[in-house]
Each structure stands twice: as structure tokens, then as C-alpha cells.
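Chemist: Got a structure here, written out as C-alpha cells. Questions coming.
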Amino acid sequence: MTTVVPHAVDGARLRGRLDELAAVGDTGDGGVCRLALTEADGAGRDLVVTWMRDLGLRVDIDGIGNVIGTWPADATGPAVMTGSHIDTVRTGGRFDGNYGVLAGLEVIETVIESGFVPARPLAVGFFTNEEGARFAPDMLGSLVYVGGLPLEEALDTVAIDGAVLGDELERIGYRGPLPCPASPPAAFVELHVEQGPILEAECITIGAVTSVQGILWFELTIVGQSNHAGTTPMRLRRDPALAAAEIAVTARSIARDLGGDQVATVGRIDLHPNLVNVIPARATLTVDLRNTDPVELARAERMLFDAVERIAAAESVTIEHRTLARFEPVVFDETVIGLVVDAAERRNLPVRRLPSGAGHDAQMLARVCPSAMIFVPSVGGVSHNPTEFTDADDLQAGADVLLDVMLRLADGPIDRPTDGGVHQ
Ligand code: GLV
Ligand code: MN
Ligand code: MN
């Protein structure tokens, strides 16, 4: 076996694995549905674990179902880790999360084949329930991994379908023996599709991700008076659907009024009993607020709840809320960001720094080790959608940059984090 430092991953092998994994939970329209800890998620996990074992990695599963494959299998010191998630939203694409995990596997396979053995071990992981679409909050597995949420509390989380997280983990066979929090890796770098329009619009191949914006998720429950749609005069109505609609309009106007990076989304509205001729008794909806600026994000939160109070009073309904996720903006480690920029430049790939609009496991790992992310373009900036797509050349470029950055981190000294992740 030769021992030349590897220069490129096998893009065809990576795309082959992406196709195979996308077949698990295939929705028939190019998309994937592997909501966290469902049968489909379990089957996807089994496939990736099989690939890890076939490569000779040591596969460790912790109490929240995070799966980490380490090479060499007998390594003891902190590894340079990559990874992401393989759970999806209900109407997910095939690249979100999966690309980062399978590119990490591909990087390790490439290094093994080269015969080159870096000073530090290499690891690739996938973290439980990154999406947060079935269980809140998002990034739950990586949050537990770094000690941001006690394991027992996380195991009690109830899904939107009423299932309990710990039971679901047991059911699919992924409640592992390793303790949480885990001991930190030496460094973490996550490769992901951008999921937004910036890189494509600017003809940039590599994004060096500097930060992740703050995230607030709320679930609001509105209770009014259910009654007959034909007989109830408009002046007597106490209609939760009307109040839910006004909250959705308010969310949009908050984002418009604040401007800047503020975004606001009402992604789920459930009406009960949800019938054509019945004024609903109850509406449940979610509001997702995000901003790179924590002060503006706090202002958006205040504006939302001032409006919720006014809407409740005007329609004579009660509105209660639960906070599903609250994460401050996170700044990544300058050393690791610099390695991403440098690796792209050495390969003559157009690169720019940019913040992430989506949440990612790397923002949790940033609390315990130097961390950053690599983005590649998403065609049309589309994600959380079956049509999500990234060109083969860009998949290759991102994985090659990941290879370079991991090898640099695995062979050289690593600075401790700056203020990079000491945020909740
Ligand atoms: C995860 O995909 C999120 O940012 O919602
Ligand atoms: Mn993702
Ligand atoms: Mn996602």
C-alpha cells in the first residue's frame, strides 16, 4: 500500500451512497421522509452503520442514539470529527444532513485507502433528531452530546404524534450504552448544503461558515368557542382559526418591519375538529423566529407576544404558549474557518465567508471544541423540499475541502475555542 496524503475523494462512490440512503424513505418525488426515530430513520441508521462497520470503524452509540464511527477502531485520544444528521423533515431532500455524514464516511475511506495515518484519529457521526420536525428542539442529539440538555429530560420528549423519544429509541434499537455528555472531540467540521440562494447567485463553490443565527420556536395553543358555522352570528364568534391567521400575518409583518436578517415562519397549524361547518374549538400553531442579531431577535419575540395579547383580547380567545427551542446565535472558531478558506483557495475554488440561516449540529459542538462548517451551493436555494439539489461537481468540491480540513486538523496543533460556542 502506498502512503501518499490523499488529495481527492471518490465522488462517484459518495453519490452512490447518497442514492442508496435516499432510497430509504423515498417519497417517490425525489424526496425523502425519515422523521427522527421512525422505522425509516431506523432503516437509514442501519445502512450507515453497516457502511461504517464495513470500513472497520469502531461504532459507538450513546444514550440519546447519536452514532459515532471512529478510525482507527482502537483509537483512544480525541478525534477530529465530522458529521451531521440523517433524519429528515417529512418532505425532505436527499442532501440535507445526509451529504455531511456520507462525505465524512467518504473522507475516512479515502484516507484508509491511501495508507496515510494522521496523528489524530478521525471520526464521523450522525446526531439524533437534528431536524426537530418530530421532536423539539432541533439539534437535540448534539445538544445532549455536549451536555446542553440532560439525557433523562431529552428521553422524555414527546413527539408531535404523541410518541415518547426514549421509547422510540428503544423500539428502533438505538438507545446505546455510551454516556452523555461525551468527552469532546479535538475539533468538529460539518459539511452541508447551503440550503439558501447566496453561493449559487454569486457563483461561489465553497462557503466558509462563520456563524449560525439565533433560533426561537414557539407552539401556541388558542382556545375559543366551537359552534355551528351557519347559525353563529359573526359578532358572537370566538374563533381560534381567525386568531391563528392573524398571528401568521403578524409574524410576516414583524420580519418585514425589523428587516435585516430577521425571518419568521408559521410552519404548522392544526385546527380541531378541522371540519368545514364547525367553528374550531382549538388551534395549535408554531412560530419560528430567527436572526443573527440576538438583540433584534429579542425584539421580534416581544413584538410577537404583544401582538398575541392584542389578538387574544380582540377575539375573546385564550392563547397559551410553550417554548420549543431557544438557541442564541453561535460564532464559529476562527482557526477552523481559516482552514476552510485556505483549503478552498489552494484548490482554486471560489470561496466566501457567510453565516448559516439553518440550524446545524456544529453549533452545538462549538460549545466544546473548535468547530466550523463548509457549505456548497443548493440549486435555486431550495431545501426542506424534495427538489433540493446540488451538482455533482459541487458535492465533490465540498468533500475534497472536508478531506483537506480534516487532515490539517488531524496532523497539526488545534487552538481552543475563542468565544465560539459558549452560548446556549
Ligand atoms: C433545521 O434544519 C432547521 O434549521 O430548522
Ligand atoms: Mn441539515
Ligand atoms: Mn434540515
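The values are calculated or read from the model by the stated rules, or taken from the named source; none is laboratory data. Since the structure is predicted, the reported quantities are computational estimates derived from the model, not experimental observations. All Cβ positions, glycine included, derive from the backbone under ideal geometry; neighbour counts span all protein chains shown.
Chemist: Would you confirm, using the coordinates I've provided, whether ILE337 is within 18 Å of the chain's Cα centre (by Cα), of a type outside the set (Ser, Thr, Tyr) and over 22 Å from ALA133 (Cα atoms)?
Modeler: In short, no.
Chemist: Answer yes or no: is there a residue in region 283-291 that is free of Cβ contacts under 8 Å to residues at least 40 places away in the same chain, within 16 Å of ligand 1 (Cβ to nearest atom) and either in the same structural domain as GLY224 (by TED's automatic domain parsing) or not aromatic (Phe, Trp, Tyr) (or both).
Modeler: no
Chemist: Only one of (1) of a type in the set (A, V, I, L, M, F, W, C); (2) within 15 Å of ligand 2 (Cβ to nearest atom); (3) part of a loop (DSSP other than H, G, I, E, B) fails for PHE375. Which number is that?
Modeler: It fails just one condition, (3).
Chemist: So, one more: For region 74-95, check the following and say yes or no: at least one residue is touching a strand residue (DSSP E or B) at 6+ places or on another chain (Cβ under 8 Å), assigned to a strand (DSSP E or B) and surrounded by fewer than 21 Cβ atoms within 10 Å (Cβ to Cβ).
Modeler: No, region 74-95 contains no residue that is touching a strand residue (DSSP E or B) at 6+ places or on another chain (Cβ under 8 Å), assigned to a strand (DSSP E or B) and surrounded by fewer than 21 Cβ atoms within 10 Å (Cβ to Cβ).
Chemist: Being in contact (Cβ under 8 Å) with a residue 24 or more places away in the chain, aliphatic (A, V, I, L, M) and at negative phi is the filter here; which residues of region 135-163 pass it?
Modeler: Across region 135-163, the qualifying residues are ALA136, LEU140, LEU143, VAL144, VAL146, LEU151, ALA154, LEU155, ALA159, ILE160, ALA163.
Chemist: If you don't mind, there's one more thing I want to ask. Could you go through region 226-234 and let me know if any residue there is touching a strand residue (DSSP E or B) at 6+ places or on another chain (Cβ under 9 Å), among the hydrophobic types (A, V, I, L, M, F, W, C) and either in contact (Cβ under 8 Å) with a residue 60 or more places away in the chain or over 30 Å from PRO377 (Cα atoms) (or both).
Modeler: The answer is yes, given that some residue of region 226-234 is touching a strand residue (DSSP E or B) at 6+ places or on another chain (Cβ under 9 Å), among the hydrophobic types (A, V, I, L, M, F, W, C) and either in contact (Cβ under 8 Å) with a residue 60 or more places away in the chain or over 30 Å from PRO377 (Cα atoms) (or both).
Chemist: Look through GLU106, GLU113 and report the one residue that is away from ligand 2 (no atom under 11 Å from the Cβ) and surrounded by 22 or more Cβ atoms within 10 Å (Cβ to Cβ).
Modeler: Of the residues listed, the single one that is away from ligand 2 (no atom under 11 Å from the Cβ) and surrounded by 22 or more Cβ atoms within 10 Å (Cβ to Cβ) is GLU106.
Chemist: Additional query: Which residue out of PRO137, PRO150 is surrounded by fewer than 21 Cβ atoms within 10 Å (Cβ to Cβ), within 16 Å of ligand 1 (Cβ to nearest atom) and within 23 Å of ILE215 (Cα to Cα)?
Modeler: After applying the criteria, what remains is PRO137.
Chemist: Which of (1) of a type in the set (Ser, Thr, Tyr); (2) over 30 Å from LEU220 (Cα atoms); (3) touching an Asp or Glu at 6+ places or on another chain (Cβ under 6 Å) does SER383 not meet, given it meets every other one?
Modeler: Failed condition: (2).
Chemist: Any residue in region 94-123 that's more than 17 Å from HIS192 (Cα to Cα): show its pairings with residues that are of a type in the set (D, E, K, R) and away from ligand 1 (no atom under 16 Å from the Cβ) at Cβ separation under 7 Å, as long as the two are six or more apart or on different chains.
Modeler: THR110/ASP10; PRO118/ASP411; ALA119/ASP411
Chemist: How many of the residues in region 94-126 are within 11 Å of the chain's Cα centre (by Cα) and away from ligand 3 (no atom under 12 Å from the Cβ)?
Modeler: The number of residues fulfilling the criteria is 1.
Chemist: Run GLY196 past the list (1) within 16 Å of ligand 3 (Cβ to nearest atom); (2) assigned to a strand (DSSP E or B) and report the number of the one that doesn't hold.
Modeler: Going through (1) within 16 Å of ligand 3 (Cβ to nearest atom); (2) assigned to a strand (DSSP E or B) one by one, GLY196 breaks only (2).
Chemist: Please enumerate the residues belonging to region 345-375 that are away from ligand 1 (no atom under 16 Å from the Cβ) and either crowded, with 17+ Cβ neighbours inside 10 Å or without any contact (Cβ under 8 Å) to a residue 40 or more places away in the chain (or both).
Modeler: Residues satisfying the conditions are GLU345, ASN348, LEU349, VAL351, ARG367, VAL368, CYS369, PRO370, SER371, ALA372, ILE374.
Every residue, every condition in (1) in contact with a strand residue (DSSP E or B) (Cβ under 6 Å, 6 or more places away or on another chain); (2) in the same structural domain as ALA133 (by TED's automatic domain parsing); (3) more than 16 Å from ligand 3 (Cβ to nearest atom); (4) at pLDDT below 95, yes or no:
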residue: LEU304; (1), (2), (3), (4): no, no, yes, no
residue: ARG310; (1), (2), (3), (4): no, no, yes, no
residue: VAL340; (1), (2), (3), (4): yes, yes, yes, no
residue: PRO350; (1), (2), (3), (4): no, yes, yes, no
residue: GLY359; (1), (2), (3), (4): yes, yes, no, no
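Chemist: So, one more: Looking at GLY207 and the list (1) more than 16 Å from ligand 1 (Cβ to nearest atom); (2) surrounded by 21 or more Cβ atoms within 10 Å (Cβ to Cβ), which single condition is not satisfied?
Modeler: That leaves (1) as the condition not met.
Chemist: I'm trying to understand the selection: among the residues of region 276-306, which are over 24 Å from the mean Cα position of the chain (by Cα) and more than 19 Å from GLY260 (Cβ to Cβ)?
Modeler: VAL276, ASN277, VAL278, ILE279, PRO280, ALA281, ARG282, ALA283, PHE305, ASP306
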